[in-house]
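A.B. asks: My structure is below; once you've seen it, I'll send some questions.
Here, each number is a calculation from the coordinates, and none is a lab measurement. Remember, predicted model here, so these are calculated numbers, not experimental data. As a convention, Cβ positions derive from the backbone with ideal geometry for all residues, glycine included, and neighbour counts pool all protein chains shown.
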Amino acid sequence: MPIVVQRPRLTIAEKCYFPAIMKGLRITLGHAIRILLRKKKVTMQYPEAKWDDHLPEHYRGAPALVTDEHDRERCVSCQLCEFICPPRAITIIPEEIPAGDEWQKVEKRPKIFDIDMIRCIYCGMCEEVCPEQAIFLRKDYAITGVSREEMVHDKKKLYEIGGRREGLVNKWNELK
């Protein structure tokens, strides 16, 4: 047996769009008048003035790889960031660490680590999921390039822009 849903009865004022349009115009004009009376610049003159001093604490910028305080790479090629990335902007190809290397207990490291900055949506999920704290979001919003190839950051460039981070890294922890 079909369920019949009764539509609510609308009043004449609800059937007309005019009161809703007037309410929207009143709100818009109110905001415009407040901005004009404030006499404060609303538009930032971009290349000369930048947001660097005014970025909020929770701002998420471009992802980059970081090294530890001894310039060792933190990434263990677990590929969690690649799997969790919604737009599939991260590509990782792992390689095994050769026998005899002092860090062979880790088993693998990234041979290729690319992030396509055109596809990246700066969601921060890669940073949250990384068990080794190898990937961080920088407070950078001006990422430019002349070609699409320039916007794909490889491992070398990601380490170059990421810099060094201090703190506990599970990769180097002997108890793990």
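A.B. asks: Over 19 Å between C-alpha atoms is what I'm after, so list which of LYS108/LYS156; LYS108/LYS139; LYS111/LYS139 land there.
C.D. replies: LYS108/LYS139; LYS111/LYS139
A.B. asks: Here's something else I'd like to know. Using a 4.7 Å Cβ cut-off, which Cys residues in the chain lack a partner cysteine?
C.D. replies: Here CYS16, CYS75, CYS78, CYS85, CYS120, CYS123, CYS130 come out as lacking a disulfide-compatible partner, given the Cβ-Cβ threshold of under 4.7 Å.
A.B. asks: Let me ask you something else. If packing is taken as the mean number of other Cβ atoms within 10 Å per residue, what is the order of 153-165, 48-60, highest first?
C.D. replies: Output ranking for 153-165, 48-60: 153-165, 48-60.
A.B. asks: Starting from the 7 Å offset along Cα-to-Cβ, what nm value, one decimal, do you get for the label separation of LYS108 and GLU149?
C.D. replies: 2.8
A.B. asks: In the stretch 74-151, which GluC sites (Glu not before Pro) are in a loop and have at most 15 other Cβ atoms within 10 Å, using DSSP for the loop call?
C.D. replies: GLU102, GLU107
A.B. asks: Rounded to the nearest 500, what is the chain's calculated 222 nm mean residue ellipticity when only DSSP H runs of at least 4 contribute -39500 (n - 2.57) each, over all residues?
C.D. replies: Rounded to the nearest 500, it is -7000 deg cm²/dmol.
A.B. asks: For the chain, calculate the relative contact order in percent as a whole number, restricting contacts to Cα pairs under 8 Å that are 6 or more residues apart.
C.D. replies: In percent, rounded to a whole number, it is 27.
A.B. asks: Binning at 5 angstrom from zero up to the longest distance, how are the C-alpha pair distances of the chain distributed in percent?
C.D. replies: Each 5 Å bin holds this share of Cα pairs: 1, 7, 11, 14, 12, 9, 7, 6, 7, 7, 6, 5, 4, 2, 1, 0, 0.
A.B. asks: Provide the FRET efficiency to the nearest 0.05 for the ARG26-GLU166 pair, computing r from the beta carbons and using R0 = 45 Å.
C.D. replies: 0.25
A.B. asks: Any idea how far apart TYR17 and TYR59 come out in nm if each label point goes 7 Å out from Cα toward Cβ?
C.D. replies: Modelled inter-label distance: 4.0 nm.
A.B. asks: Output the 0 to 90 degree angle, nearest 10, between the alpha-carbon long axis of helix 18-38 and the longest principal axis computed from the alpha carbons of the chain.
C.D. replies: Result, in degrees: 60.
A.B. asks: If the elastic network links every pair of Cα atoms under 10 Å, which of THR11, THR144, THR43 fluctuates the most in the Gaussian network model of the chain?
C.D. replies: THR11
A.B. asks: Something else now. I want to check the label-to-label distance for GLU128 and GLU96. Put each point 7 Å from Cα in the C-beta direction and report it in nm to one decimal.
C.D. replies: With each label point 7 Å from Cα toward Cβ, the separation is 3.5 nm.
A.B. asks: A further question follows. In the chain, with Lys and Arg counted as +1 and Asp and Glu as -1 at Cβ, which of these residues, ILE84, ILE27, HIS58, has the Cα nearest the positive end of the dipole, that is, farthest along it?
C.D. replies: My answer, from the dipole projection, is ILE27.
A.B. asks: A further question follows. Working out 0.36 nm times the residue gap between THR43 and ARG138, then minus their Cα-Cα distance, what length gain in nm do you get to one decimal?
C.D. replies: 31.8 nm
A.B. asks: Moving on. Want the number for ILE35 to LYS50: 0.36 nm per residue separation, take away the alpha-carbon distance, what's left?
C.D. replies: 3.3 nm
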